[in-house]
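J.: So that we are looking at the same thing, I have put the structure below in structure tokens.
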Amino acid sequence: MTTQEDFATAFESATSGSTIVLASGTYTIPKAKALSNVLFVGGENTIIDLTAKDGNPTGADAAYNNVTFKNIQFKTWTADYHGFQHCGVVNFENCTFSGKHFGYGVETYKHCTFNQSSVDY
């Protein structure tokens, strides 16, 4: 994917076993949607800006289970209690988080970096 529109289309049509490859660029998760067995792979400078949307990318009716993110930089919130809520297993590999990141499920982090400027956590 090279555009937000391509990403939104791929995200909307993602089913179990889907792999979504994102080129370098900045993307937003288009809406809260339940995902299972989906792999997101980023390029050298792929950013997912979670702050661009009001609210969390997941919730009680839009949980992720066995979803993996690789090689992606996440721009996260500065407020409390924002993250991938009500999820099953979510894996992050070679990802960077800038801002506050809250984990709400079974999350694993492999070779990840957390850049947090807040001093309250």
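J.: Given the structure, is Phe40 aromatic (Phe, Trp, Tyr) and not in a helix (DSSP H, G or I)?
T.: In short, yes.
J.: Another question, then. Go through the residues of the range 18-27 one by one and say whether even a single one is among the small types (Gly, Ala, Ser) and in contact (Cβ under 8 Å) with a residue 24 or more places away in the chain. I'd like the intermediate steps shown before the answer.
T.: Kept after step one, since they are among the small types (Gly, Ala, Ser), are these residues of the range 18-27: 18, 23-25.
Now restrict to residues that are in contact (Cβ under 8 Å) with a residue 24 or more places away in the chain: none.
No: zero hits.
J.: Within the range 64-99, how many residues turn out to be of a type in the set (Gly, Ala, Ser), part of a strand (DSSP E or B) and open to solvent by less than 40 Å² (accessible area, probe 1.4 Å)?
T.: Going through the range 64-99 one residue at a time, the tally reaches 1.
J.: May I ask you to list the residues in the range 101-111 that are within 13 Å of the chain's Cα centre (by Cα) and open to solvent by less than 60 Å² (accessible area, probe 1.4 Å)?
T.: His101, Phe102, Gly103, Glu107
J.: Restricting attention to the range 35-47, and to residues there that are of a type outside the set (S, T, N, Q) and at pLDDT 95 or above, which single residue is surrounded by the most Cβ atoms within 10 Å (Cβ to Cβ)?
T.: Phe40
J.: If you don't mind, another one. Would you pick out the residues in the range 4-17 that are open to solvent by less than 80 Å² (accessible area, probe 1.4 Å), over 22 Å from Ala63 (Cβ atoms) and without any contact (Cβ under 8 Å) to a residue 12 or more places away in the chain?
T.: Asp6 - this is the single residue of the range 4-17 that is open to solvent by less than 80 Å² (accessible area, probe 1.4 Å), over 22 Å from Ala63 (Cβ atoms) and without any contact (Cβ under 8 Å) to a residue 12 or more places away in the chain.
J.: Taking Ala32 as the residue in question, decide whether it is part of a loop (DSSP other than H, G, I, E, B), crowded, with 16+ Cβ neighbours inside 10 Å and out of contact with any His (no Cβ under 6 Å at 6 or more places or on another chain).
T.: yes
The values are calculated or read from the model by the stated rules, or taken from the named source; none is laboratory data. Note that the coordinates shown come from a computational prediction; the quantities given were computed from them, not determined experimentally. Neighbour counts are summed over all protein chains in view; Cβ atoms, including those assigned to glycine, are modelled from backbone coordinates with ideal geometry. Quick note on the areas: whole protein, heavy atoms, side chains included, nothing else; ligands and nucleic acids left out. Shrake-Rupley method; radii C 1.70, N 1.55, O 1.52, S 1.80 Å.
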